[in-house]
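Single-structure report; data block below.
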Ligand SMILES: [Ca+2]
Ligand SMILES: [Ca+2]
């Protein structure tokens, strides 16, 4: 199974920060930056400024229809 989280976590520290998220987003040509920022802040479910495996990523996987089309 492809680990989407690892792809976004470019420096491998176990968290996806906004810079990494936007860098990967841009790399994949997924859409405009405003959308990326909106999505990032929605994905950061506990609002600590980074997407971590737990709880953010776990919650994302439980709600794949929200990110599915972009991954
Ligand atoms: Ca990281
Ligand atoms: Ca978070």
task = Report relative contact order for the chain in percent, whole number only (criteria: Cα-Cα under 8 Å, sequence separation at least 6).
result = 27
key: Estimated distance in nm for a label pair at residue 22 and residue 35, the labels positioned 7 Å out from Cα along Cα-to-Cβ   = 1.7
task = Classify the chain as rounded, prolate or oblate from the Cα gyration tensor: take a ≥ b ≥ c as the square roots of its eigenvalues, call it rounded if a/c is under 1.5, otherwise prolate when a/b beats b/c and oblate if not.
result = rounded
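Bear in mind these aren't lab numbers, they're just calculated from the coordinates by the rules spelled out. Worth saying up front: this structure is predicted, and the values here are computed from it rather than measured. Every residue, glycine among them, receives a Cβ derived from its backbone with ideal geometry; neighbour counts consider all protein chains shown.
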